[in-house]
Amino acid sequence: MTTPSTPRLIRSLGVRDLVLMNIAAIVGLRWLSNAAQIGPASLTLWLIALLIFLLPMALAVLELSSRLPAEGGLYVWTKSAFGDHHGFIAGWSYWVSNLVFLPSALLFGAGALAHLFTDPSGLAENSWYNGAVCLGVLWLATLANITGLDRAKWLQNIGALATWVVASVLLVAAGYSMWNVGSATPITTASLAPDLGSLAAWSTLAGIAFAYVGLELGPILGGEIREPRKTIPRATLISCLLIALIYLAGTAALLVALPTAKIHLITGIPQALAAVGERVGLPSLGPIMALLLALGSFGSVSAWVTGTARLPFVVGVDRYLPAMLSRQHSRFGTPHIALLTQATLTTLVLVAGLAGTTIREAYTLLLDMTLVLTFIPLLYLFAALPVMRWREQRAGGSIAPEIWRAPGGFVGSVIIGGTGFATTLLAIVTSIIPPADNAEPMMFLIKVVGGCALMVAVGMGFYWRGRV
């Protein structure tokens, strides 16, 4: 089958834009609440995940994006390493994972926004309120992306800056509270040691690894990045340092602000800021920071809307998905059909998630489905690194000298890829185990595994149809 060339896209992203995009996409302050559920031991787990997941991810993305800087990112890398079939599975799984990830991110933003009103807890559990806010933000981000990255990138840039402001205020306020009142959660040497014999610790580690996911997003827009072989490595290294700092310091600040037992999974950050605000005599601090927290979450949504819509666009160019997905807007040059299709399907998933369940249950279910579907293509990503290096070694190293290589030669690529692969596989297994407090664990398992299997099966139907 002849594969047509990818349509020419506008290169409008530089180092600053890519760093801000990485922060907006990866740094979700909601992960602080998720991690802090097990107390100070979460700080140790952040460091463990940094070493066994984020670092291998950064090294793999740097080399693969340098070798193949084309639009499509991990879809192109997997396709080059393992063939069209596996490339499609990776690209499709990554795309559909965002159909369930975006609703969970939107629900978190809506929950934070509810703290601007007099009854935040009641409003945050209201399906009509959540549906209206989530759909409004989703379609605003989609329409902004249709008009071009030059405009849409400001949504994610504002989100990244809002995230920085919230994190900074949380750190300063928690530090002030620690100095004057002490830590709400006792942090001792013993409490920093995670109980690796408990399911909660492993589940938290899986969630923390997922919180680091996103470095592979920028290269998906390889055809829209200025000088990608230079820009992507610089932006990746800067992003890693900033992201790790925000997560570690932010979790510590949250534990200082609130006792572990009082940290809510969805609204923990607004709770902490409100509590600290009361202590320092600034009761309005909570609502202001809640607004910024919501902007940060919505900026993250915009970043993922931007990046993942390019996957059905590129796969559509390869004719494995309907060809209309590869169409570009006549005026703006954007993949508008792919963007509209993504928003429509996300809307359906969101409505289905809100129907007949509590907001917390919907959030947990969507999050676990996202974990499984996101980590499937990351298995391919980590496996592609040693495969590419092995091929280079067999060819006598005769590749372009400007390509960036991870350290350690072929053995180093096996260690890097193997570490990331093992961590990812562990996270997949952990994420499908129902929560301990779930009233119907078997039904939860069926929903997570069955929902993921159904989405992959639908994709394979498109693939085999496209091969005909």
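For the stretch 195-235, taking the residues that are in contact with a helix residue (DSSP H, G or I) (Cβ under 9 Å, 6 or more places away or on another chain) and among the hydroxyl-bearing types (Ser, Thr, Tyr), the one that is modelled with the lowest pLDDT is identified as Thr231. Taking (1) surrounded by 14 or more Cβ atoms within 10 Å (Cβ to Cβ); (2) modelled with pLDDT under 80 in turn, Gly420 satisfies each apart from (2). A count restricted to the stretch 137-156 and to residues that are under 21 Å from Leu29 (Cα atoms) and surrounded by fewer than 20 Cβ atoms within 10 Å (Cβ to Cβ) stands at 1.
Pick from Leu149, Leu161, Leu170: which is more than 26 Å from Leu354 (Cα to Cα) and in contact with a Ser or Thr (Cβ under 6 Å, 6 or more places away or on another chain)?
Numbers: Leu161 fails: in contact with a Ser or Thr (Cβ under 6 Å, 6 or more places away or on another chain); Leu170 fails: in contact with a Ser or Thr (Cβ under 6 Å, 6 or more places away or on another chain).
Checking each option against the conditions leaves just Leu149.
Number of residues in the stretch 185-210 that are farther than 17 Å from Ala252 by Cβ and either of a type in the set (S, T, N, Q) or surrounded by fewer than 17 Cβ atoms within 10 Å (Cβ to Cβ) (or both) equals 7.
For (1) buried (at least 24 other Cβ atoms within 10 Å of the Cβ); (2) part of a helix (DSSP H, G or I); (3) at pLDDT below 80; (4) more than 13 Å from the chain's Cα centre (by Cα), each residue gets a yes or a no:
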| site | (1), (2), (3), (4) |
| --- | --- |
| Gly87 | yes, yes, no, yes |
| Ala90 | yes, yes, no, yes |
| Tyr94 | yes, yes, no, no |
| Leu99 | no, yes, no, no |
| Pro103 | yes, yes, no, no |
| Leu107 | yes, yes, no, yes |
| Gly111 | yes, yes, no, yes |
| Leu123 | no, yes, yes, yes |
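Kindly indicate whether Ala132 is within 16 Å of Ala294 (Cα to Cα), modelled with pLDDT of 85 or more, under 24 Å from the mean Cα position of the chain (by Cα) and not in a loop (DSSP other than H, G, I, E, B). So Ala132 passes the test.
Give the residues of the stretch 401-414 that are surrounded by fewer than 15 Cβ atoms within 10 Å (Cβ to Cβ) and either modelled with pLDDT of 90 or more or touching a strand residue (DSSP E or B) at 6+ places or on another chain (Cβ under 8 Å) (or both), sorted by residue number. Matches in the stretch 401-414: Val411 only.
Could you tell me whether Tyr176 is buried (at least 24 other Cβ atoms within 10 Å of the Cβ), of a type outside the set (A, V, I, L, M, F, W, C) and outside any loop (DSSP other than H, G, I, E, B)? No: the conditions fail for Tyr176.
Let's see how each residue does on (1) surrounded by fewer than 24 Cβ atoms within 10 Å (Cβ to Cβ); (2) free of Cβ contacts under 8 Å to residues at least 60 places away in the same chain; (3) closer than 30 Å to Ala141 by Cα:
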site: Gly14; (1), (2), (3): yes, no, yes
site: Val19; (1), (2), (3): yes, no, yes
site: Ile26; (1), (2), (3): no, no, yes
site: Ala35; (1), (2), (3): no, no, yes
site: Ile38; (1), (2), (3): yes, no, no
site: Thr44; (1), (2), (3): yes, no, no
site: Ala60; (1), (2), (3): no, no, yes
site: Leu64; (1), (2), (3): no, no, yes
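The values are calculated or read from the model by the stated rules, or taken from the named source; none is laboratory data. For clarity, every value in this text was computed on a predicted model and none was experimentally measured. Neighbour counts run over all protein chains shown; Cβ positions are idealised from the backbone, glycine included.
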